Amino acid sequence: MYLRAVVGLETGPAGASLAFLRLAGDPVRWQLLRELARSDRHVRELTALLGRPQNLVSYHLGKLRSAGLVSARRSSADGRDFYYTVELDRLALLLAGTGRVVHPGLRLAPVTRPDPGPGRPPPRLLFLCTGNSARSQIAEALAVARSEGRVEAFSAGSHPKPVHVNTVRVMRERGIDPGSRSSKQLSVFTAQRFSHVITLCDKVREVCPEFPGHPGYAHWSIPDPAASGDDDEDTLPAFRDVAAALETRVGYLLAGIGALPVRVPA
């Protein structure tokens, strides 16, 4: 329905698919979706990456936001910039629906790659936030659990704090044994090589060092759930929201690197 309002087309699967193609098929909007699928970014970065004027980039971001394909969150680093994020689940649904309109056999499938084999190390992921007490701990645990050991995942913080009780709670709610987790200082890992380094906090992104071996860098602008209330019960809903958001993000990351197990129907 919202795509019809944006593009002015009739309803129905074919109309919605055509509306989506017209919206996303604009060259600037397509570039924005591609860049934001890799990493959350603010307008200045997108302007530089696309080589386009800021007013044009902002205009097309507004179109994507109105269509529900992109969302924005004020940066916790300076309170002025906004980080833009692609709504990957919504984009996947629209792409899949468009494929089915063309032919019922066209559908999205996870990226699959053969196991590395003996002697080939698995991808190494590093998740960073400020305290290493919530967001990065949850992301690390999800990456290990959902990949079923196909990746090695680690987490750290620029100013470590004890692991939050609600971090342990939401892990258990998702069937993950938290074990004896502890927070770690970012400096512990700065000499190590990683395949991907993902910052989950706007503040730690500003101080993230360069790691050896030129890993892939990405930023996920995730709010600190511990700052959402005065006590553990107050903040629990925010912890659950963050765990759900990270479940989605980690799932797409694992699929993109071929580390998400593929379930074969019985």
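The values are calculated or read from the model by the stated rules, or taken from the named source; none is laboratory data. The shown structure was predicted, so the numbers you read here are calculated from the model rather than taken from an experiment. Note: ideal-geometry Cβ built from the backbone for every residue, glycine included; neighbour counts use all protein chains shown. Note: accessible area is taken over every heavy atom of the protein model, side chains too, but ligands, DNA and RNA are not part of it. Shrake-Rupley method; radii C 1.70, N 1.55, O 1.52, S 1.80 Å.
Numbers for the structure displayed
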{"item": "Percent accessible area from carbon and sulfur atoms, segment 103-214, protein chains only, probe 1.4 Å", "result": "54"}
{"item": "Trypsin sites (Lys or Arg not before Pro) lying in DSSP loop within segment 178-240, provided at most 15 other Cβ fall within 10 Å", "result": "193"}
{"item": "Translational diffusion of segment 11-111, µm² s⁻¹ [Kirkwood Rh, Cα pairs; Stokes-Einstein; 25 °C; 0.890 mPa s]", "result": "170"}
{"item": "For the chain, calculated [θ]222 nm from helices alone, where every DSSP H run of n ≥ 4 adds -39500 (n - 2.57)", "result": "-14000 deg cm²/dmol"}
{"item": "Fraction of beta bridges assigned by DSSP in the chain that are antiparallel (%, nearest 5)", "result": "30"}
{"item": "Of 242, 57, 204, the one that fluctuates the most in a GNM where the chain has Cα springs shorter than 10 Å", "result": "57"}
{"item": "Mean Cβ count within 10 Å, highest first, over the residues of peptides 63-74, 142-153, 120-131", "result": "120-131, 142-153, 63-74"}
{"item": "Candidates 251, 105, 213: whichever shows maximal mean-square fluctuation once the chain is modelled as a Gaussian network with Cα springs under 10 Å", "result": "105"}
{"item": "Choice from 108, 61, 236 showing the highest fluctuation, given a GNM over the chain with Cα pairs closer than 10 Å", "result": "108"}
{"item": "Filtered GluC sites (Glu not before Pro), segment 183-259: DSSP coil and at most 14 other beta carbons within 10 Å", "result": "210"}
{"item": "Hydrodynamic radius of the chain per Kirkwood, over alpha carbon pairs, in Å", "result": "19.9"}
{"item": "Relative contact order for segment 10-73, counting Cα pairs under 8 Å that sit 6 or more residues apart, in percent", "result": "26"}
{"item": "Label-reachable residues, segment 175-190, where backbone N falls under 11 Å from a point 7 Å from residue 207's Cα toward its Cβ", "result": "186-187"}
{"item": "Pair residue 240, residue 148: separation of 7 Å Cα→Cβ label points (nm)", "result": "2.8"}
{"item": "Ordering of 169-180, 34-45 by packing [mean C-beta count within 10 Å, highest first]", "result": "34-45, 169-180"}
{"item": "Over segment 121-229, relative contact order from alpha-carbon pairs under 8 Å, at least 6 apart, %", "result": "31"}
{"item": "Per residue accessible area of the chain, 1.4 Å probe, in Å²", "result": "52"}
{"item": "Theoretical FRET efficiency, 1/(1+(r/R0)^6), r = Cβ-Cβ of residue 188 and residue 14, R0 41 Å, to 0.05", "result": "0.15"}
{"item": "Test item: Cα-centred dipole of segment 147-264, Lys/Arg +1 and Asp/Glu -1 on Cβ, debye", "result": "520"}
{"item": "Part-to-part distance (alpha-carbon centres) for segment 178-195 and segment 129-167, which is given in Å", "result": "9"}
{"item": "Stretchable slack from residue 172 to residue 230, in nm (0.36 nm times residue separation minus alpha-carbon distance)", "result": "18.6 nm"}
{"item": "Partnerless cysteines, meaning none of the other Cys C-beta atoms lie under 4.7 Å away, in the chain", "result": "208"}
